[in-house]
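I have placed the structure first, in the form of structure tokens, so that the comments after it can refer back to it.
Taken together, the values in this text are just the output of simple stated rules run on the coordinates, not laboratory data. Predicted model, so just to flag it, every value in this text is computed and none were measured. No Cβ is skipped: glycine too gets one built from the backbone with ideal geometry, and neighbour counts run over all protein chains shown.
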Amino acid sequence: MKKLVITLTITLMVIACGEKNDGFVLNGTLRGDVADGTKVFLKTAGENNTIIEVDTATITAGNFTFKGEPKSLEPHVILLENSRDNMMLFIENGTIELSAHKDSLRNVSIIGTTQNDVFTSFKEESKAIGEKGMSIQSDYQKAVATQDTATIKALQEEMQEIQEEGKTFEIAFAKENPNAVISGMIINRMYASKIISDEEAKEMLNNLTEEVKNTKAAKSLIEALEASKSTAIGAKAPEFSAPTPSGEDLALKDALGKVTIIDFWAAWCVPCRQENPNVVNVYNKYHEKGLNIIGVSLDKNAEEWKKAIAEDGLTWYQVYNEKNVQEIAQLYSVNAIPSTFILDENGVIIAKNLRGKALEDKMAELLQ
């Protein structure tokens, strides 16, 4: 469910054109036993992911206040002294009211400005979808433990439905809010997680306002799209070679079939392992018709990799560069797994990141 659970560490800042710069006032209230004089820190990210301390306040009778001028469209967090938890919020002109329990800072209530009100709405919808996914994930793990194959299959279908629901919600939100920084963050994360294609990401990126395109998330997305051109549909797949489980080097050119799937995965990747039964079925059905698969592992060590191959019954080509695990992934601009590339007999990329029924339908189209 890695790709399902929607991260809440993304930013939101609707840009109000022509708004008077009156500064912000942030009034915070913390419930629970918080000693007077406890420090509260307001921080944000700087260049190269350095942490910038914007301001410091102290708590009196459970309350604290920050005042100032908004200096950045990037996300801010509030941290409590001697606590590892934090509260995400968005600094903008106006009065911001914040309320949380000291033992559950992430469940913060933030109201009073447009950006934070919209963020709260987004967070609630995201949480509802995520909770449904977590419930299915729990049931799935129980079914795997008891080897209940019928239930496993049914839950896999439910997982795909929830994933589609989450994708549909996020895409709609980003399209409906082109002047929100959160939209750039959504698109960037969905693209990095291979939930949307290059073409979808470009279309959604072009819909954003110029102010949002200048935020870190949007700039990162632009750089990633530029880097992905070498592995775009229609490009020749970059050549590579790496050791197989037996220790012999295998080159991509020697693994090509009529159709070839390059499958980036790892033993620790839950979505990869959940998808493996489907890939096994597709391979068994179409291998004799010309389908080859070469798995590229991003595992932490060779033993975990080999164990997962045996457990999941992966009988196709497998390679693992233990000396530089990320080398092939970087060559293909892969920063999230599972990630797949489908090649024709000449090694040209003809499709990317198809899973479940979409993968089987594509194989039927190419090899029937």
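Sort out the exposed loop GluC sites (Glu not before Pro) in the chain (DSSP loop, at most 14 other Cβ within 10 Å) and tell me the longest stretch that has none.
Values: sites that count: E19, E81, E239, E248, E322, E345.
The reported range is 82-238.
Quick check on the chain: helices-only [θ] at 222 nm, where DSSP H runs of length 4 and up contribute -39,500 (n - 2.57) each and the sum goes over total residues. Nearest 500, please.
On the way: 10 runs with 142 residues, N = 368.
About -12500 deg cm²/dmol.
Under the definition of Cα pairs under 8 Å and six or more residues apart, what whole-number percent is the relative contact order of segment 241-367?
Values: 200 pairs, mean separation 43.7, N = 127.
Relative contact order for segment 241-367 comes out at 34 percent.
Would any residue of segment 245-288 have its amide N under 16 Å from a label point 7 Å out along Cα→Cβ of E157? List them or say none.
Counting backbone N atoms under 16 Å from the label point, the list is 278.
Return a whole-number percent for the relative contact order of segment 47-104, with Cα pairs under 8 Å and 6 or more residues apart as the contact set.
Working: 36 pairs, mean separation 13.1, N = 58.
With pairs under 8 Å counted, the relative contact order is 23 percent.
Hey, rough spin-label estimate for A35 and E203, points 7 angstrom out along Cα→Cβ, what's it come to in nanometres?
With each label placed 7 Å out from Cα toward Cβ, I get 5.7 nm.
Under the classification rounded if a/c is under 1.5, otherwise prolate if a/b is larger than b/c and oblate if not, where does segment 1-229 fall, given a ≥ b ≥ c as square roots of the Cα gyration tensor eigenvalues?
Details: a/c = 2.28, a/b = 1.31, b/c = 1.74.
Oblate.
Using DSSP to call loops (not H, G, I, E or B), can you name the trypsin sites (Lys or Arg not before Pro) in segment 272-351 whose Cβ has at most 12 other Cβ atoms within 10 angstrom?
Working: sites: R273, K285, K289, K300, K306, K307, K323; in loops: K300, K323.
Loop-located and lightly packed - K323.
Test of the criteria: in segment 164-263, which trypsin sites (Lys or Arg not before Pro) are in a DSSP loop and have at most 16 other Cβ atoms within 10 angstrom of their Cβ?
Details: sites: K167, K175, R189, K194, K202, K213, K216, K219, K229, K236, K253, K258; in loops: K194, K258.
When the trypsin sites (Lys or Arg not before Pro) of segment 164-263 are filtered for loop state and at most 16 Cβ neighbours within 10 Å, K258 remain.
Under 12 Å from a label point 7 Å along Cα→Cβ of K71: give me every residue in segment 20-43 with its amide N that close.
Backbone N within reach: 42-43.
Can you tell me what share of the DSSP beta bridges in segment 241-367 is antiparallel? A percent to the nearest 5 is fine.
Values: 11 of 21 bridges.
Roughly 50 percent of the beta bridges in segment 241-367 run antiparallel, per DSSP.
Tell me which DSSP H helices of the chain clear both cut-offs, 30 Å or more of axial length from alpha-carbon atoms and a mean Kyte-Doolittle hydropathy of at least -1.0. Intermediate results must be reported in sequence, preceding the final value.
Values: long enough: 114-145 (46 Å, -0.73); 149-176 (40 Å, -0.61).
Length and hydropathy pass: 114-145, 149-176.
Fully extended, how many nm does the chain gain between S104 and S230 (0.36 nm per residue separation, minus their Cα-Cα distance)? Don't skip to the end; give the middle numbers.
Values: separation 126, 0.36 × 126 = 45.36 nm, distance 4.46 nm.
Stretched fully, the S104-S230 segment lengthens by 40.9 nm.
Mind checking which aspartates and glutamates have their C-alpha under 18 Å from K300, skipping anything on the same chain fewer than 8 residues away?
Here the aspartates and glutamates satisfying the reach criterion relative to K300 are D263, E311, D312, E322, E327.
Would you list the P(r) distribution for segment 297-368, with all Cα-Cα distances sorted into 10 Å bins from 0 and each bin expressed as a whole %?
The percentages, shortest bin first, are 16, 42, 36, 7.
Reachable lysines from K306, Cα under 21 Å, same-chain residues fewer than 8 places away excluded?
Within the straight-line cut-off, K306 pairs with K323.
In terms of the ratio Rg/(2.2 N^0.38 Å) built on C-alpha atoms, what value belongs to segment 241-367? Don't jump to the answer; show the numbers that get you there.
Values: Rg = 13.3 Å, N = 127, 2.2 N^0.38 = 13.9 Å.
So segment 241-367 has a normalised radius of gyration of 0.96.
Could you tell me what percent of the DSSP beta bridges with both partners in the chain are antiparallel, to the nearest 5?
Working: 40 of 58 bridges.
Of those bridges, close to 70 percent are antiparallel.
Distance from a point 7 Å along Cα→Cβ of V25 to each backbone N in segment 56-99: keep the residues under 12 Å and list them by number.
Label zone hits: 65-68, 94-97.
As an exercise, identify the trypsin sites (Lys or Arg not before Pro) in segment 73-115 lying in DSSP coil whose Cβ has no more than 15 other Cβ atoms within 10 Å. Provide the component values of the computation, followed by the final result.
On the way: sites: R84, K102, R106; in loops: R84, K102.
Passing sites in segment 73-115 are R84.
Want the number for T315 to T60: 0.36 nm per residue separation, take away the alpha-carbon distance, what's left? Could you put the intermediate results ahead of the total?
Values: separation 255, 0.36 × 255 = 91.80 nm, distance 6.40 nm.
Stretched out fully, the T315 to T60 stretch lengthens by 85.4 nm.
Once both labels are modelled 7 Å past Cα along the beta-carbon direction, what's the T120-A251 spacing in nm?
A separation of 6.2 nm, rounded to one decimal place.
Let me check against my output: what whole-number percent is the relative contact order of segment 1-229, with C-alpha pairs under 8 Å and at least 6 apart? Don't skip to the answer; put the middle values down first.
Values: 373 pairs, mean separation 47.0, N = 229.
Over segment 1-229, the number comes to 21 percent.
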